[in-house]
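One structure is given below, represented as structure tokens, and several questions about it will come after.
The values are calculated or read from the model by the stated rules, or taken from the named source; none is laboratory data. Bear in mind that the values here come from a model prediction, so they are computed numbers and not experimental data. Positions of Cβ are generated from backbone atoms using ideal geometry, with glycine treated the same way; all protein chains shown enter the neighbour counts.
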């Protein structure tokens, strides 16, 4: 069974980058080494892996990545810090 990962990196400018891969260790190494000159993280190195989740369903993994990318910084930090009970209250509200 193939495993897919959604991950969050903390960049040197304190920005969180969210990504998706089927080989987490390889992808993180690529980010750290700057293998892809045109990648978002290239000029924001060094980076640190601060969160990852495993999935067996590729569609669910991709949807989760898209969802997390839309989250606020505070909501991402709650996820990173295992403060799952805070997530519902941190949803963006429009008044």
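Quick check: is even one residue across region 18-37 in a helix (DSSP H, G or I) and either touching a residue at least 60 places away in the same chain (Cβ under 8 Å) or farther than 26 Å from residue 2 by Cβ (or both)?
no
While we're looking at this one, here's another question. Can you tell me which condition residue 19 does not meet? The list is (1) over 25 Å from residue 91 (Cα atoms); (2) surrounded by 14 or more Cβ atoms within 10 Å (Cβ to Cβ), and all the others hold.
If we test residue 19 against (1) over 25 Å from residue 91 (Cα atoms); (2) surrounded by 14 or more Cβ atoms within 10 Å (Cβ to Cβ), just (1) comes out false.
Here's another thing I want to ask about it. Before we move on, is residue 51 under 15 Å from residue 76 (Cβ atoms), surrounded by 13 or more Cβ atoms within 10 Å (Cβ to Cβ), within 11 Å of the chain's Cα centre (by Cα) and in contact (Cβ under 8 Å) with a residue 60 or more places away in the chain?
When the stated conditions are applied, residue 51 does not pass them.
Let me ask you something else. Please tell me if residue 13 is out of contact with any strand residue (DSSP E or B) (no Cβ under 8 Å at 6 or more places or on another chain), assigned to a loop (DSSP other than H, G, I, E, B) and at pLDDT 95 or above.
Yes; evaluated as a whole, the condition is true for this residue.
Moving on. Residue check, residue 36 against (1) closer than 25 Å to residue 90 by Cβ; (2) at pLDDT below 95, all met but one. Which one?
The failed condition is (1).
Which residues, counting only those in region 55-87, are assigned to a helix (DSSP H, G or I) and crowded, with 17+ Cβ neighbours inside 10 Å?
Listed by number, the residues that qualify are 61, 64, 65, 68, 75, 76, 77, 78, 79.
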